[in-house]
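Step one of this worksheet: look at the structure below.
The values are calculated or read from the model by the stated rules, or taken from the named source; none is laboratory data. None of the values given here were measured: they were computed from a predicted structure. Virtual Cβ from ideal backbone geometry, glycine too; neighbours counted across all protein chains shown. To get the accessible areas, we keep the full protein, side chains included, count just its heavy atoms, and leave off ligands, DNA and RNA. Shrake-Rupley method; radii C 1.70, N 1.55, O 1.52, S 1.80 Å.
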Amino acid sequence: MYSTIKEMHSFWAYAVLGLLLIATLNSFVGLSKKKPFTANDRKIALFALIFSHIQLLFGLIMLFTSPYLETAKQIGMGAAMKDSTLRLYIVEHPLVNIIALALITIGWSKHKKAEGDAAKFKKIAVLYAIGLVLLLSRIPWRTWLG
């Protein structure tokens, strides 16, 4: 089961990163060109949000079925924190990505309450961009691309 979830998590990540990039760029362009916030803009941001949440589910399943978690249980969290690989997979990657997803979700929620097109674009642009940067910062690039 772990290997299947890992493959899905890795595959789905491409879609998530692509959609977040598109939603962020779309919002920055809409903001800079003073475009009206349309249903298409909303759908782009919504798809990025939905795909991100699905990725979180894959990640949580993967975390709790991970051999890294079993190793951390056996050696203890103190020793796991001293191992950079275990720390990345057990603590840093999940925690930072949950924070990123929270920011993306806040961006979505705040855009709905915002008055005016510029404010809607700004909420999505800024919070989705921060979320995207956080996600990119904790991807285990060597394992993912290698």
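Table for the structure above
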{"item": "Listed peptides 123-130, 72-79, 30-37 by packing density, highest first (mean Cβ within 10 Å)", "result": "123-130, 30-37, 72-79"}
{"item": "Fraction of accessible area attributable to carbon and sulfur, the chain (%, probe 1.4 Å)", "result": "69 percent"}
{"item": "Helix axis angle, 39-64 relative to the chain longest principal axis, alpha carbon, degrees", "result": "10 degrees"}
{"item": "Contour minus Cα-Cα distance for Ser84 and Thr143 (0.36 nm per residue)", "result": "19.9 nm"}
{"item": "The chain, dipole about Cα centre (Lys/Arg Cβ +1, Asp/Glu Cβ -1), debye to the nearest 20", "result": "560 debye"}
{"item": "Net dipole in debye of segment 93-133 [+1 Lys, Arg Cβ; -1 Asp, Glu Cβ; about Cα centre; nearest 20]", "result": "100 debye"}
{"item": "Between helix 117-137 and the chain: long-axis angle, C-alpha atoms, 0 to 90°, nearest 10", "result": "20 degrees"}
{"item": "Per residue, the convex hull volume that the Cα atoms of segment 1-91 enclose (Å³)", "result": "103 Å³"}
{"item": "Helical contribution to [θ] at 222 nm, DSSP H n ≥ 4, -39,500 (n - 2.57), averaged over the chain, rounded to 500", "result": "-27500 deg cm²/dmol"}
{"item": "Among 48-55, 85-92, the order from most to least packed when residues are scored by Cβ within 10 Å on average", "result": "48-55, 85-92"}
{"item": "Proximal lysines relative to Lys112, as straight alpha-carbon distance under 22 Å, when same-chain residues fewer than 8 apart are discounted", "result": "Lys33, Lys34, Lys35, Lys43, Lys120, Lys122, Lys123"}
{"item": "Theoretical gain in end-to-end length, Lys73 to Thr4 [0.36 nm per residue, Cα-Cα removed]", "result": "22.6 nm"}
{"item": "Accessible area (Å², per residue) of the chain, counting only protein heavy atoms and a probe of 1.4 Å", "result": "58 Å²"}
